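Worksheet: the structure to be examined is printed underneath.
The numbers here are math on the coordinates, done by the rules we state, and not lab data. Computed from a predicted structure; not experimentally measured. Here the Cβ is made from the backbone with ideal geometry for all residues, glycine too, and neighbour counts use every protein chain on show.
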């Protein structure tokens, strides 16, 4: 009888930890947290104070979507908890969740940046902005981009490499069309942005370094990359070489069936 005087009743443990009495009984039933003492006459359950820490770990496991049934493998028939393995499992799950949340945050930051760009300029307004050097994975495209449909482009995009290291760092990668204009003609490509230090190698894809510079840009709700020489004729006048990039940006009121594109031109 004296033993239970140093213990917490099930009600007191519930109040201390915020864990419902039904939950405590369920944890006992599935053998992940047994009471330290059960009164043989009354059947009342009693817990040691330090079991509150185990309950805290169980609560986090529930919030992290670790199935309670999975936790039972860390407890033997005598109620002994393999605490080291339990903590290691939780640590791994938390770090994986943190990585996922960080990627999600970077993705939302990416969209915020694109929407801020849209707010600053109106459709069909020509403006300039300085862009850093980028690396693109490219696939040659043999037809005019005006003839391309979304299904055809999506098939090409699915075949292109996705740089997991880069996606982990930035949360999202840019993709779109690239046209290289020279006195010899136009070369067209579909592209996906690559990590600066990416190591992907495949002869099916060309790796191109897109130079940093002050780009002349315009937003449009239609595919206009083929009309870029006319749209930016004042900017490219007297220059033999220029590149045109077309990629989607995201309006605050985004129409997924009619995305807005940003045209970028750099001439030299």
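The table below lists the values:
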| read-out | value |
| --- | --- |
| Per-pair calculated FRET efficiency, R0 = 30 Å: residue 59 and residue 5 via Cβ, rounded to 0.05 | 0.65 |
| Likely footprinting exposure, 264, 130, fewest C-beta neighbours within 10 Å first | 130, 264 |
| Potential extension, residue 230-residue 52 segment - 0.36 nm per residue separation minus Cα distance | 56.9 nm |
| Residues in the range 59-75 that a label on residue 104 would reach, taking backbone N under 15 Å of a point 7 Å out along Cα→Cβ | 63-66 |
| Per-residue Cβ neighbour rank within 10 angstrom, fewest leading, 145, 83 | 83, 145 |
| Where labels lie 7 Å past Cα in the beta-carbon direction, separation of residue 120 and residue 39 in nm | 7.1 |
| Modelled FRET efficiency - R0 30 Å, residue 129 with residue 184, Cβ distances, 0.05 increments | 0.55 |
| For the range 86-116 and the range 34-84, distance of Cα centres in Å | 30 |
| Theoretical gain in end-to-end length, residue 158 to residue 85 [0.36 nm per residue, Cα-Cα removed] | 22.3 nm |
| Residue order, fewest to most surrounding Cβ atoms within 10 angstrom, among 115, 13 | 115, 13 |
| Per-selection metrics, the range 1-121 (Cα): Rg and Dmax in Å | 20.8, 78 |
